[in-house]
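Structure, as structure tokens:
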Amino acid sequence: MDGLYNSKVMEHFRNPRNVGEIENPDGVGHVGNPVCGDIMELYIKVNGNRITDAKFKTFGCGAAIATSSMVTELVRGKTVEEALRISNRAVAEALGGLPPVKMHCSVLAEQALKSAIEDYLKRRIK
Amino acid sequence: MKSEEIISKIMELKNRRKAILLVHNYQRPEVQDISDHIGDSLELSRKAAKADAEVIVFCGVHFMAETAAILNPDKIVLLPEEKAGCPMADMITRDSLLELKKKHPEAVVVAYVNTSAEVKAEADVCCTSANAVEIVASLPGEKEIIFVPDKYLGSYVGNKLGRKMILWPGYCPTHVAILAENVKKAKSEHPEAKVIVHPECTTDVIALADEVKSTNGMCKFALETETKEIIVGTETGILHRMRRENPTKKIYPVSENVVCHNMKSITLEKILWSLEDLKPRIVVPEETRVRAIKAIEAMIK
């Protein structure tokens, strides 16, 4: 597997950051890729307008774990609006690049984040 | 039930209920295809006011159905999915606007139509993305202006007119996710194409566009332009209408991911249920309605 992924991706796969659930989250994103079977769940905590905590639970390949780990790292401390502007490319670049066949994992991570924010924006109303 | 069955039931009930189906440009293709009118929120509400119908089924989001209810107090207004909201409209409440007005008691309040009826009731004049520049330009030059809730539409208008306004920090989560890098990539893939974007996009995205237009403005542009290729920077639902109206032109989204899930939450099934039960019904309290309609009428004038 070391041949497929760079060392940074491997490092986030072996020691993923922010694994788990957040109790009483402000937003939860749940996405899955029906083709490869990866499933991601992303939890966020928002204080004021800033994302103070993010955790994830992912069932999937090494790249799915690494991109989930990286997106939770990227999003912490950002405003909700800044977080909406984290693209899949930004996640992949922060990992030092992904093999082309695994780019869809970064798309999934972006979608999980957007879905969690959408949930947060919905919950705020009532 | 097959969708053809659902559609024929919708059509039958629509006649029986004397209903009209108003559909926003961002709705699902299959919903657009059964519309009586398709367009942007204000145009649709105006159509509704003229229509000889007893029931309005508004396939859009909550504030749009509210606007239809403000303009059509004698008609039943239905929103097939009650939870279809506008996150931007929800970023400002009546109370928070009142607080801001207290700090600037002399200011004129311009409210984008993407606001609740309660917020419109506290505004002096409404605007749409099609007429925002015109509306602000019509206000006396010495007047301070509060513009709510979209800071990007507000900055676009302010930059265009060279006028400073007090902006509310709201934004559309769908449009802010369009990045300058998406536009640059689309341009490099289709170098001949013209780029049109919505004014809810961020300032850096607007700077890369050839034209900045409302959804109806985009559709009109697509029909009239000599250009054969267009890159569209807004919710991707609009592509269905544009491609149907311009079969010989190539129309590309700036990114496939520009999707408003609130808009997409309305389905054929929900439209049918809504017509069967005459709910969820959107009602604006009369006291709010008469105040909100003043801001809308001030815009139409």
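Angle between the Cα long axis of helix A:103-123 and the longest principal axis of chain A, 0 to 90 degrees, nearest 10?
10
Using a Förster distance of 56 angstrom, determine the FRET efficiency expected from the C-beta separation of residue A:7 and residue B:74, and round it to 0.05.
On the way: r = 69 Å, r/R0 = 1.23.
The pair residue A:7/residue B:74 has a calculated efficiency of 0.20.
At 1.4 Å probe size, with every protein chain present, just tell me what the per residue accessible area of the protein assembly as shown comes to in Å². Write down the numbers at each step before the final one.
Working: 19080 Å² over 427 residues.
Accessible area per residue, the protein assembly as shown: 45 Å².
Could you give P(r) for segment A:7-125, binned at 10 Å from zero, as whole percent values over all Cα-Cα pairs?
Spelled out per bin, shortest first, that is 16, 52, 28, 4, 0.
Would you calculate the convex hull of the Cα atoms in the protein assembly as shown and tell me its volume per residue in Å³?
Working: hull volume 68.3 nm³, N = 427.
Spelled out: Cα convex hull of the protein assembly as shown, divided by residues, is 160 Å³.
What residues does segment B:75-92 have that are buried by at least 40 Å² of accessible area in the full protein assembly compared to the chain on its own, 1.4 angstrom probe?
Buried-area filter returns B:90.
222 nm [θ] for the protein assembly as shown, helices only, -39500 (n - 2.57) per DSSP H run of 4+, per residue, to 500?
Details: 21 runs with 191 residues, N = 427.
Calculated from helices alone, the mean residue ellipticity at 222 nm is -12500 deg cm²/dmol.
Across chain B, how large is the tail of the calculated P(r) beyond 34 Å, expressed as a percent of all Cα pairs? Spell out each step's value before the answer.
Details: 9590 of 45150 pairs.
Cα-Cα pairs of chain B separated by over 34 Å account for 21 percent.
Just for the Cα atoms in segment B:223-294, what are the lengths along the principal axes, largest first, rounded to whole Å?
Sorted from largest, the Cα extents of segment B:223-294 read 49, 35, 22 Å.
Taking a point 7 angstrom from the Cα of residue B:15 along the C-beta vector, which residues in segment B:40-73 have backbone N less than 20 Å away?
B:52-57
For segment B:26-119, which GluC sites (Glu not before Pro) are in a loop by DSSP, counting at most 13 other Cβ atoms within 10 Å? Intermediate values should be presented prior to the final figure.
Values: sites: B:30, B:43, B:54, B:66, B:81, B:82, B:99, B:106, B:118; in loops: B:54, B:81, B:82, B:106.
In loop regions of segment B:26-119 (DSSP not H, G, I, E or B), the sparsely surrounded GluC sites (Glu not before Pro) are B:54, B:106.
Just grab the label-to-label distance for residue B:261 and residue B:297, each label 7 Å out from Cα along the Cβ direction, in nm (one decimal).
Between residue B:261 and residue B:297, the label points sit 4.1 nm apart.
Picking from A:16, A:25, A:34, which is most flexible by a Gaussian network model of chain A using Cα springs under 10 Å?
Result for chain A, Cα springs under 10 Å: A:34 fluctuates most.
Grab the beta carbon distance between residue B:93 and residue B:246, set R0 = 56 Å, and tell me the FRET efficiency rounded to 0.05.
Values: r = 40 Å, r/R0 = 0.72.
Using R0 = 56 Å, I get an efficiency of 0.90.
Report, to one decimal in Å, the Kirkwood hydrodynamic radius for segment B:24-132 based on all distinct Cα pairs.
On the way: mean 1/r = 0.0675 Å⁻¹.
About 14.8 Å, per the Kirkwood formula over Cα pairs.
Could you check which residue among B:199, B:191, B:280 shows the biggest mean-square fluctuation in a GNM of chain B with a 10 Å Cα cutoff?
Judging by the Gaussian network model, the answer is B:191.
The values are calculated or read from the model by the stated rules, or taken from the named source; none is laboratory data. Predicted model only: the values in this text are computed from it and were never measured. A quick note on method: Cβ atoms are made from the backbone with ideal geometry, for glycine too, and the neighbour counts reach across all protein chains shown. Note: areas computed on protein heavy atoms with side chains; ligands, DNA, RNA excluded. Shrake-Rupley method; radii C 1.70, N 1.55, O 1.52, S 1.80 Å.
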